[in-house]
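The values are calculated or read from the model by the stated rules, or taken from the named source; none is laboratory data. Computed from a predicted structure; not experimentally measured. Here the Cβ positions follow ideal geometry from the backbone for every residue, glycine too, while neighbour counts run over all protein chains shown. SASA here: full protein model, heavy atoms, side chains in, ligands and nucleic acids out. Shrake-Rupley method; radii C 1.70, N 1.55, O 1.52, S 1.80 Å.
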Amino acid sequence: MDCIEAILGRRSCRSFKNQKIEEGKITAILECALYAPSPANKQPWEFIVVENPEYNQKLKDAVERSKEKIAEKSGWSWVPKYNVDFINQAPTLIVVVGDPSKNGAEQFLEEPSQGYEHACSAAIQNMLLAAHSMGLESLWLSLFEKKDVRKIFEIDEDKDPVAIICLGYPEHIGQAPTRKSIESKVRFIE
Ligand SMILES: Cc1cc2nc3c(=O)[nH]c(=O)nc-3n(C[C@H](O)[C@H](O)[C@H](O)COP(=O)(O)O)c2cc1C
């Protein structure tokens, strides 16, 4: 599969088959994460690979609690209906842990961005695309309180659990959500 095909074909997956992922595929996906760009090549990431259903359940419980909080604060009607059973279904979870002390030169500017978060996001996207190219699919999960995830996966206080990637063979893949047009999102300067 070529790169553009992988970018256009990848979909967020919220329904996984009960099928383990081969070890070689997990290693290849992690290798792709490590090749992501990062500010000053600080590589401000660590990955926790979880293949133990007890942890999936603990994570799902935490996400259900977050959903209640979000539903109450936002009033959004879709939140209580949002089914997160896929957390239990995913045979592999990859917790992406960022190190906020590992930003690049941008941290000294007037409006510094969080370089470590951007780098972790680049690593995540590499993993999602690599997974897709191997017949797997993924879900970038962010709907959790960081303190809950630190506790479940024993992550130090000074580290940032940026996201959790649910990985597996897809049982069902929905339609691609529509994208806005190039004209509405891009300004060309010539
Ligand atoms: C930073 C980030 C956080 C996300 N968090 C969640 C999440 O917590 N739960 C979820 O179901 N999807 C989550 N998603 C997936 C988006 O909903 C999804 O990418 C978007 O709807 C477009 O669909 P597609 O990935 O199939 O193209 C997240 C995506 C990103 C980039």
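Where does the charge balance sit around Ala119 when Lys and Arg score +1, Asp and Glu -1, over other residues with C-beta under 13 Å from its C-beta? Kindly include the intermediate steps, with their values, before the conclusion.
Working: positive: Lys42, Lys102; negative: Glu46, Asp99, Glu106, Glu117, Asp160.
Local charge sum for Ala119: -3.
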Mind giving me the nanometre distance, one decimal, between the label points for Ala176 and Lys151, set 7 Å out from Cα along Cα→Cβ? 4.1 nm
Provide the per-residue ³J(HN,Hα) series for the stretch 12-26, in order, calculated from phi with Karplus coefficients 6.51, -1.76, 1.60 and θ = phi - 60°, each as a whole number of Hz, with x at glycine and proline positions. 5, 10, 10, 7, 10, 6, 7, 8, 5, 9, 4, 4, x, 5, 4
Given a Förster distance of 35 angstrom, what is the FRET efficiency for Glu117 paired with Lys17, based on the Cβ-Cβ distance and rounded to 0.05? 0.65
Cross-link partners of Lys146 among lysines (Cα-Cα below 29 Å; sequence separation of 8 or more within a chain): Lys17, Lys20, Lys25, Lys42, Lys58, Lys60, Lys67, Lys69, Lys73, Lys81, Lys102, Lys159
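Please give the net charge around Ile94, taking every other residue with its beta carbon less than 11 angstrom from that of Ile94, where Lys and Arg add +1 and Asp and Glu add -1. Spell out each step's value before the answer.
Values: positive: none; negative: Glu46, Glu51.
Residues near Ile94 contribute -2 overall.
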Largest-first ellipsoid semi-axes for the chain, taking √(5λ) over the Cα gyration tensor eigenvalues, angstrom: 25, 22, 20
Can you compute 3J(HN,Hα) from phi for each residue in the stretch 137-145, using the Karplus curve 6.51 cos²θ - 1.76 cosθ + 1.60 with θ = phi - 60°, rounded to whole Hz and x for Gly and Pro? 9, 8, 9, 7, 9, 10, 8, 9, 7
Accessible area of Ile48, 1.4 Å probe, to the nearest 10 Å²? 50 Å²
Go through Arg11, Arg65 and list them by solvent-accessible area, largest first, probe radius 1.4 Å. Arg65, Arg11
Per-pair calculated FRET efficiency, R0 = 41 Å: Glu190 and Gln57 via Cβ, rounded to 0.05: 0.15
